[in-house]
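To keep things clear, I will list the structure first and then write my remarks on it.
The values are calculated or read from the model by the stated rules, or taken from the named source; none is laboratory data. These numbers were taken from a predicted model, which means no experiment stands behind them. Here the Cβ positions follow ideal geometry from the backbone for every residue, glycine too, while neighbour counts run over all protein chains shown. Surface areas here come from the heavy atoms of the whole protein model, side chains and all, with no ligands, DNA or RNA. Shrake-Rupley method; radii C 1.70, N 1.55, O 1.52, S 1.80 Å.
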Amino acid sequence: MASSVSPTPLLKDQLDIVIPTIRNLDFLEMWRPFFQPYHLIIVQDGDPSKKINVPEGFDYELYNRNDINRILGPKASCISFKDSACRCFGYMVSKKKYIYTIDDDCFVAKDPSGKEINALQQHIKNLLSPSTPYFFNTLYDPYAEGADFVRGYPFSLREGAPTAVSHGLWLNIPDYDAPTQLVKPLERNTRYVDAVMTIPKGTLFPMCGMNLAFDRELIGPAMYFGLMGDGQPIGRYDDMWAGWCTKVICDHLGLGVKTGLPYIWHSKASNPFVNLKKEYKGIFWQEDLIPFFQSVSLPKDCTSVQKCYIELSKQVKEKLGKVDDYFNKLADAMVTWIEAWDELNPSAAKSDAALPNGPAK
Ligand SMILES: O=c1ccn([C@@H]2O[C@H](COP(=O)(O)OP(=O)(O)O[C@H]3O[C@@H](CO)[C@H](O)[C@H]3O)[C@@H](O)[C@H]2O)c(=O)[nH]1
Ligand SMILES: [Mn+2]
């Protein structure tokens, strides 16, 4: 029987909120009722001499490019500059079990009843309840209030798998790619779908970094947002790359990834022409990237996220290096990321995933 209804814990001392920004942080005023109890990690991108004002009353640490260079030294080369991908530095420096990352143009949305959505609370609910990657439940999240496993659902699978990622969605400006933005400039997402679903094992998905939460202890080292922005041939594939790497590793380690509620209100459409320039190689390359990730197989002795990620970087170099030399650089940066992660998180570096490799065969 799925769990009975109990209040969602705040987890205020177990969760950091990571915000990449080149703007001001006035958006926090709207989130204050939900975010004030939490520690913020602000990753200031762009010009480090620019002063970013954080509204009064928030507990935060702020890192700019000078800080990243000081803390990581030469390993700072793996952290993107002038791209929201820089946010992954916040995941690395955090000491908490959970991360929630949100963009500074995302606001509190309302559900169909007009009630303000506490996105963070829903993400915590998603992360604290199991996922069902091995068998699809047609009533969606069986652990949600008023739902359960449907007839025919194997009882041997009803414990589910630990949830590593909670992927939220967006009302108003949807996360469309540039070509879609260009042909549908006025399209707004007004559909509120009241569902949380586990993405089945063996299925990839386009992970958006705008409204995303994850269990840092279960999957943190896989959440590298790649080499994007300044000096790189590609942008706006930071979260996509992290999502594909994360999903194949979650599948291998027997972890779950959920998508659906909560919604946020995405207010700013970034410039589609600028986005097209950033994305166009990605739109072309992903026709090779997706078959690559679909064919990834990780050896049984990859029992930790770090070991999986290093193995993945080897396969990226071997199989994608021939698509473009960029992937050789990216594969090296993946290794640098893990080295930096383990340097900043020495205790976690030793631990293997304490999880079975999927359901009992
Ligand atoms: O160079 C930059 C640009 C932006 N940021 C910060 O990152 C987020 C997102 O920026 P923005 O809202 O302008 O861009 P979107 O296109 O809406 O972003 C979404 O698309 C994907 C980009 O990869 C990603 O899924 C979403 O982030 C804001 O907080 C900016 O302040 C930055 O740090 N550096
Ligand atoms: Mn935006």
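Within the bounds of region 261-275, is there any residue that is touching a residue at least 60 places away in the same chain (Cβ under 8 Å), in contact with a strand residue (DSSP E or B) (Cβ under 9 Å, 6 or more places away or on another chain) and away from ligand 2 (no atom under 15 Å from the Cβ)?
yes
Which number in (1) within 16 Å of ligand 1 (Cβ to nearest atom); (2) more than 17 Å from the chain's Cα centre (by Cα); (3) open to solvent by 10 Å² or more (accessible area, probe 1.4 Å) marks the one condition that Tyr237 misses?
(2)
What number of residues in region 105-123 are within 16 Å of ligand 2 (Cβ to nearest atom) and out of contact with any helix residue (DSSP H, G or I) (no Cβ under 8 Å at 6 or more places or on another chain)?
Result for region 105-123: 2.
Can you tell which of Pro174, Pro221 is within 16 Å of ligand 2 (Cβ to nearest atom) and not basic (Lys, Arg)?
When all the criteria are applied, what remains is Pro174.
Only one of these is open to solvent by less than 30 Å² (accessible area, probe 1.4 Å), away from ligand 2 (no atom under 16 Å from the Cβ) and polar (S, T, N, Q): Ser77, Ser94. Name it.
Ser94
Kindly list the number of the only condition in (1) surrounded by 22 or more Cβ atoms within 10 Å (Cβ to Cβ); (2) closer than 30 Å to Pro299 by Cα; (3) more than 16 Å from ligand 1 (Cβ to nearest atom) that fails for Phe284.
Condition not satisfied by Phe284: (1).
For residues that are out of contact with any Leu (no Cβ under 9 Å at 6 or more places or on another chain) and buried (at least 17 other Cβ atoms within 10 Å of the Cβ), scanning just region 108-126, find the one that is nearest to Gly254 (Cα to Cα).
Residue satisfying both the conditions and the ranking: Asn118.
Which members of region 297-337 meet the condition of being open to solvent by less than 30 Å² (accessible area, probe 1.4 Å), touching a residue at least 24 places away in the same chain (Cβ under 8 Å) and in a loop (DSSP other than H, G, I, E, B)?
Those that are open to solvent by less than 30 Å² (accessible area, probe 1.4 Å), touching a residue at least 24 places away in the same chain (Cβ under 8 Å) and in a loop (DSSP other than H, G, I, E, B): Leu298, Cys302, Ser304.
Given the options Asp194, Asp230, name the one that is within 15 Å of ligand 1 (Cβ to nearest atom), touching a residue at least 60 places away in the same chain (Cβ under 8 Å) and open to solvent by 50 Å² or more (accessible area, probe 1.4 Å).
None of the others qualify; the one that does is Asp230.
Determine which member of the set Ala164, Ala147 is of a type in the set (Gly, Ala, Ser), more than 13 Å from Ile264 (Cα to Cα) and assigned to a strand (DSSP E or B).
When all the criteria are applied, what remains is Ala164.
Return yes when Thr203 is more than 15 Å from ligand 1 (Cβ to nearest atom) and of a type in the set (Ser, Thr, Tyr) and no when it is not.
yes
Could you run through region 25-50 and say how many residues are more than 23 Å from Glu116 (Cα to Cα), open to solvent by 70 Å² or more (accessible area, probe 1.4 Å) and either at pLDDT below 95 or aliphatic (A, V, I, L, M) (or both)?
The total comes to 0.
Return the residues of region 155-188 that are more than 18 Å from the chain's Cα centre (by Cα) and under 21 Å from Ile283 (Cβ atoms); say none if nothing qualifies.
Answer for region 155-188, where residues must be more than 18 Å from the chain's Cα centre (by Cα) and under 21 Å from Ile283 (Cβ atoms): Ile173, Ala178, Pro179, Thr180, Gln181, Leu182, Val183, Lys184, Pro185, Glu187.
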